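Data first, discussion second: the structure below is written as structure tokens.
The values are calculated or read from the model by the stated rules, or taken from the named source; none is laboratory data. Because the structure is a prediction, the values reported are computed rather than measured. Counting neighbours? That spans all protein chains shown, and the Cβs are built from the backbone with ideal geometry, glycine included. Remember, those area values only see protein heavy atoms, side chains included, never the ligands or the DNA or RNA. Shrake-Rupley method; radii C 1.70, N 1.55, O 1.52, S 1.80 Å.
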Amino acid sequence: MKKVVLAYSGGLDTTFCALHLSKDLGYEVHAVIVNTGGFSKEELEAIENRAKTLGVASFKILEVMDTYYQEVIKYLVFGNVLKNQTYPLSVSAERILQAKSLAEYAKSIGAKAVAHGSTGAGNDQVRFDMIFQTIVPDIEIITPIRDLKLSRQEEIDYLKKHGVVMNFEKAAYSINKGIWGTSVGGKETLTSSEYLPEEAWPTQVTESEAKEIQLTFVQGELKGVNGEAFDNPVDAILKVQSMAAPYGIGRDIHVGDTIIGIKGRVGFEAAAPLIIIKGHQLLEKHTLTKWQLFWKNQLAEFYGNHLHEGHYLDPVMRNLESFMSSTQEFVTGNVRVLLQPYRFTLLGISSDHDLMSSKFGSYGEMNKGYTGEDVKGFTRILGNQTAIFHKVNSGNE
């Protein structure tokens, strides 16, 4: 019997896929969930129990949070990546790592096919397929929901026919949780004018008193929070999330262009990602030169877009990661952040590598590195070509 590795979440679509692949297509189904920080222990146990009732040959949990950080999140921080200056790629980033992990697992067990529950309408189908066709090009890709063009009701009827008992009521809001943010979709995000109501957000606001926290970065990586050191930046991210999320920080709606050419809206809450990215960006403003900042901004925007659209395995991504890593040598210091309901404020930084050092003067007040005559000569040379252009062409206007 041929083996198929199924990207399994325990929801309606992947439950249908598990049964259809075994009962209708005759595959030996190996259900795999790739945990990027979105599931509790209890949720994983419930998902595993459901999978076993479907008669799958095996159920596997791939714990990849550390890999997710080292291979993806770290570079999103180095690049201060926010899609359309708004969205920290919460879902698109984790889909890349999930697809890569599934492909590698399929290869390791000698599977002849991989399957996922994507429909034909979204970005995930492209991300999964592109990764699979690169890592496991000889393995068949099966997408039952997309291929059969199934409606939600047709899936429910099929599962009921086969005696599957589960909650078939569609939740008012779809939630996708991961360490780098949680997406929220509902009827409001299908419009261009409505905003998500308070009850739609997974984390409710329970904090009201302002609180100052301190982030410690070491060569661009978050390694400390409020004086507590973390060997693993994943733990530091979780710490910031636990402190900031109860303020309702990091809520927004992203409007973007999908890979397949249509626009879409998605709500998200990402307290830790936004605070970490903005704090890191402020520290860089103090520790990097003008041209380091300029070129990193250009390349990081391309990096984020390329990753978002599924091109993670393009070798140019490794080149860009090397560049961004090389800029972080002196991005070390502390960032003070004030947390308040629904917002945060960056208060300032302290760093041994701060280029805004008083040793060289104060902006708008006094300089210690040059004289007024130096500036006169510099200005004459700096503007020389522009002055020549206007002298030569003044009679031709």
Which residue out of K107, K100, K74 is basic (K, R), more than 18 Å from R318 (Cα to Cα) and not in a loop (DSSP other than H, G, I, E, B)?
K107
Matching option when the condition is under 30 Å from S325 (Cβ atoms), surrounded by fewer than 23 Cβ atoms within 10 Å (Cβ to Cβ) and in contact (Cβ under 8 Å) with a residue 12 or more places away in the chain, among V77, V64, V34:
V64
Out of the residues in region 180-224 meeting the condition of being in a helix (DSSP H, G or I) and among the charged types (D, E, K, R), tell me which one is nearest to Y247 (Cα to Cα).
E198
Unique residue being surrounded by fewer than 23 Cβ atoms within 10 Å (Cβ to Cβ) and free of Cβ contacts under 8 Å to residues at least 60 places away in the same chain when the list is K107, K3:
K107
Taking only region 231-258 into account, find how many residues are open to solvent by less than 30 Å² (accessible area, probe 1.4 Å) and farther than 25 Å from T86 by Cβ.
0
So G279 ticks every box in (1) touching a Leu at 6+ places or on another chain (Cβ under 6 Å); (2) farther than 22 Å from H353 by Cα; (3) among the small types (G, A, S) but one. Which box is left unticked?
(2)
Identify the residue in region 212-223 that is more than 14 Å from L346 (Cβ to Cβ) and touching a residue at least 40 places away in the same chain (Cβ under 8 Å) and, among all such residues, is most open to solvent (accessible area, probe 1.4 Å).
Q219
Conditions (1) of a type in the set (A, V, I, L, M, F, W, C); (2) surrounded by 14 or more Cβ atoms within 10 Å (Cβ to Cβ); (3) under 21 Å from the mean Cα position of the chain (by Cα): number failed by I262
(2)
Scan region 110-130 and report the pairs whose first residue is over 11 Å from I259 (Cβ atoms) and of a type in the set (K, R) and whose second residue is open to solvent by 20 Å² or more (accessible area, probe 1.4 Å) and in a loop (DSSP other than H, G, I, E, B), with Cβ atoms within less than 7 Å and a gap of 6+ or a chain change.
K112/K2; K112/I139
Considering region 285-341, residues that are among the basic types (K, R) and open to solvent by 10 Å² or more (accessible area, probe 1.4 Å), and then whichever is nearest to T206 (Cα to Cα), we arrive at R336
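Look at I275 and say whether it is part of a helix (DSSP H, G or I), touching a residue at least 40 places away in the same chain (Cβ under 8 Å) and within 15 Å of the chain's Cα centre (by Cα).
Yes.
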Criterion first (at pLDDT below 95 and either touching a Lys or Arg at 6+ places or on another chain (Cβ under 8 Å) or open to solvent by 80 Å² or more (accessible area, probe 1.4 Å) (or both)) does M356 satisfy it?
yes
Restricting the search to region 136-155, which residues are surrounded by 18 or more Cβ atoms within 10 Å (Cβ to Cβ) and over 13 Å from S118 (Cβ atoms)?
V136, I139, E155
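Could you please find all residues in region 51-71 being closer than 21 Å to D235 by Cβ and either assigned to a helix (DSSP H, G or I) or of a type in the set (S, T, N, Q) (or both)? Can you show your working first?
So the first thing to find is which residues in region 51-71 are closer than 21 Å to D235 by Cβ, and the list is 61-71.
Correct list: M65, D66, T67, Y68, Y69, Q70, E71.
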